[in-house]
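**Student:** This is the structure I want to talk about, given as structure tokens.
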Amino acid sequence: MVHVRRDVWKLTGDWDDTLLWYAKAVGVLQQRPITDPTSWRFLAAIHGFNEQMWRDAGYLKKGEKLPSYVERKLYWKQCQHSNWFFVPWHRGYVVSFEKIVRDAIVKLGGPQDWALPYWNYNEGPQSLQLPACFAARTLPQGGGPNPLYVERRYGPDGDGKVVLVADLIQLGCLEDAVFEGGYMGNPPGFGGTPSTFSGHKSGIRGGLEARPHNIVHTEVGGEDQVTPVPPGTEPAQGLMSFPETAALDPIFWLHHANIDRLWQVWLDSSADHQNPDVADWYNGPTGLNRDFVVPTVSGHPWKFKVAQMLDTLAPQLDYRYDTSAAQQPVVHPLLRRLTRLGLAADQVRQFSSQGLLMSNDQNSELIGANHAPLDLVGNSVQTSVVLDKSSSQKVFNSLKSNLLVANLTPPDRVFLNLENIRGKRDSIVLQVYINLPPGADPALHPELRAGVLSLFGLCQASRADDDHGGHGITEVFEITDIIDTLHLNGITSADQLNIRFISKTPVRPEDQVTVSRVSITRLGG
């Protein structure tokens, strides 16, 4: 039996049977002790666990018995982020959860074909809202407390209303030509850069993970901006805002079902989109003392490799999505540029057919950096990146349309690198702009926005203890389109670029958010 995962917003009503059975099963899992591998909290701890954070949020009682050290070492704190295992590891994780929930549903007398729905938040205004059943405090018809409801879910404005901001969760990742990121994340790729088994270490997020994945986590979780707190005290943080607590929120699983679906959307949107044909990924994780492992319905461990995660119709996975079609045609930015410059359709096709858009093998060159680490404090912070004149001139020369037409050579690609971001606050979203005019309204200059940065995972990646080196996170934005716009507007060289970070919620000094270096690199011949 193939189980079909459906869009939660296309189900029949706020309490469609799929959702009501989900709520009932979540209630069953929540009643199981944390020592049970099929319990709600044990499954959540596979993604991440922090004893103090769980106590503060009310999910762990003082003196409560935890699983043995051996079991915790085998299962817990496995989440793969900031590397190319992000989507395949989460696929195995969600499948384990789905099967355990389905087993509970069947034992309650529910349908054997139940499948986890997904939250497709890119389907228009309604889809941006948290599905109503997750905000209801009680089950319908006097069914008692709703297991899908959690208090620590504050939303983008910190007032408990979860309505995502469409402009921040757009699907530009579907335009990424290659799954695997290049050297130092130039480019970051759809799926992320090569790595061994890794949690929130100093990796580089792939396009899908950076946006919409991280943004949705931060916007759903947020932090309480309504309840007054004493000076020096931090406001309550949402469960979804931190990797250590995210999977305690029942909406986490619908979010990750959609992220998993978007992997299939990317594959289906272009014949050129392919998973890596690399043994270290395909057979990953390899050569390590830790495996990817999740519990089965019986509570026994199931160890899996990436290769087992590639066909959702395989018996071990046994599901499909009601649709994996892209909502809009996926066109590589370079092809858009060629069309804008007036190249004939056959010339544009020649670019695509020759594979000139698919290579990550070009040379990466640093062409500029700021002079000192940057402290992010307040709502707006700017730094300047001084450019090497000869290197930046190579970029502008490569953008000349006559060279493109004559030699069929793609222009240089340009990347903004936000290196080793560290800090003590995950629930922040920043928009990053290039050369935003002084006093200008950022909303009026979308053409200058380099990207959207969520600090999801920042605290964990900044700790030097445990499995983490304390190097923070690194985010890479491709800014070729912005540089190209400058070129098409008549600018033929540049000595520096001004990089501005804008946050709706002020970053506090005590958050200690710093960027070790802001740099610009070019990828070209």
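Each reported figure results from applying straightforward, stated rules to the coordinates on display, with no laboratory input. All values derive from a computational prediction rather than experimental measurement. Because the Cβ atoms are built from the backbone with ideal geometry, glycine has one as well, and the counts that use them run over all protein chains shown.
**Student:** Ordered by packing density, taken as the mean number of other Cβ atoms within 10 Å over each peptide's residues, highest first, how do 302-315, 163-176 rank? Walk me through the numbers before you get to the answer.
**Tutor:** Values: 302-315: 15.4, 163-176: 17.2.
Output ranking for 302-315, 163-176: 163-176, 302-315.
**Student:** The stretch 134-177: which trypsin sites (Lys or Arg not before Pro) are DSSP loop and have at most 12 other beta-carbon atoms within 10 angstrom? Don't skip to the end; give the middle numbers.
**Tutor:** Working: sites: Arg137, Arg152, Arg153, Lys161; in loops: Arg137, Arg152, Arg153, Lys161.
Those that pass, being in a loop and sparsely packed, are Arg137.
**Student:** Of Glu51, Glu234, Glu223, how do they rank once you tally other Cβ atoms within 10 Å and put the fewest first?
**Tutor:** On the way: Glu51 11, Glu234 14, Glu223 20.
Exposure proxy ranking, most exposed first: Glu51, Glu234, Glu223.
**Student:** Let me have the 222 nm mean residue ellipticity of the chain computed from DSSP H runs of 4+ only, each contributing -39500 (n - 2.57), with the sum over all residues rounded to the nearest 500. Intermediate values should be presented prior to the final figure.
**Tutor:** Numbers: 15 runs with 140 residues, N = 525.
Theoretical 222 nm ellipticity from helices: -7500 deg cm²/dmol.
**Student:** What order do you get for Ser82, Ser269 when you list them from fewest to most C-beta neighbours inside 10 Å?
**Tutor:** On the way: Ser82 28, Ser269 21.
Lowest count first: Ser269, Ser82.
**Student:** Quick one: grab the alpha carbon gyration tensor of the stretch 362-524, order the square roots of its eigenvalues as a ≥ b ≥ c, and give me rounded if a/c is under 1.5, else prolate or oblate depending on whether a/b is larger than b/c.
**Tutor:** Working: a/c = 2.43, a/b = 1.69, b/c = 1.44.
Prolate is the answer for the stretch 362-524, as a/c is 1.5 or above and a/b outweighs b/c.
**Student:** What percent do you get for the relative contact order of the chain when only Cα pairs under 8 Å and 6+ apart count? Walk me through the numbers on the way to the answer.
**Tutor:** On the way: 1088 pairs, mean separation 92.4, N = 525.
After rounding, I find 18 percent.
**Student:** I'd like the chymotrypsin sites (Phe, Trp or Tyr not before Pro) in the stretch 38-98 restricted to DSSP loop residues with at most 15 other Cβ atoms within 10 Å, sorted by number.
**Tutor:** Details: sites: Trp40, Phe42, Phe49, Trp54, Tyr59, Tyr69, Tyr75, Trp76, Trp84, Phe85, Phe86, Trp89, Tyr93, Phe97; in loops: Phe49, Tyr59, Trp76, Trp84, Phe85.
Here no loop site has a sparse enough neighbourhood.
**Student:** Say the cut-off is 28 Å between C-alpha atoms; which of Lys62/Lys161; Lys161/Lys424; Lys389/Lys504; Lys394/Lys424; Lys24/Lys77 go over it? Write out the running numbers ahead of the final one.
**Tutor:** Numbers: Lys62/Lys161 31 Å; Lys161/Lys424 24 Å; Lys389/Lys504 35 Å; Lys394/Lys424 39 Å; Lys24/Lys77 26 Å.
Violating the 28 Å Cα-Cα cut-off are Lys62/Lys161; Lys389/Lys504; Lys394/Lys424.
**Student:** Based on the Cβ-Cβ distance of Asp481 and Glu71, what FRET efficiency does E = 1/(1 + (r/R0)^6) give at R0 = 51 Å, to the nearest 0.05?
**Tutor:** 0.55
**Student:** Which of these values of mean projected area of the Cα convex hull in nm² was calculated from the structure shown: [x] 33.4; [y] 31.4; [z] 24.9?
**Tutor:** Among [x] 33.4; [y] 31.4; [z] 24.9, the one derived from this structure is [z].
**Student:** Can you tell me how much longer the chain between Ile491 and Asp322 gets when fully stretched, taken as 0.36 nm per residue apart minus their C-alpha distance, in nm with one decimal?
**Tutor:** Details: separation 169, 0.36 × 169 = 60.84 nm, distance 4.76 nm.
Working it through step by step, the gained length comes to 56.1 nm.
**Student:** Turning to a different aspect of this structure: Give the aspartates and glutamates whose C-alpha is closer than 20 Å to that of Lys10, dropping any in the same chain fewer than 8 places away, or say none.
**Tutor:** Glu98, Asp113, Glu123, Asp260, Asp322
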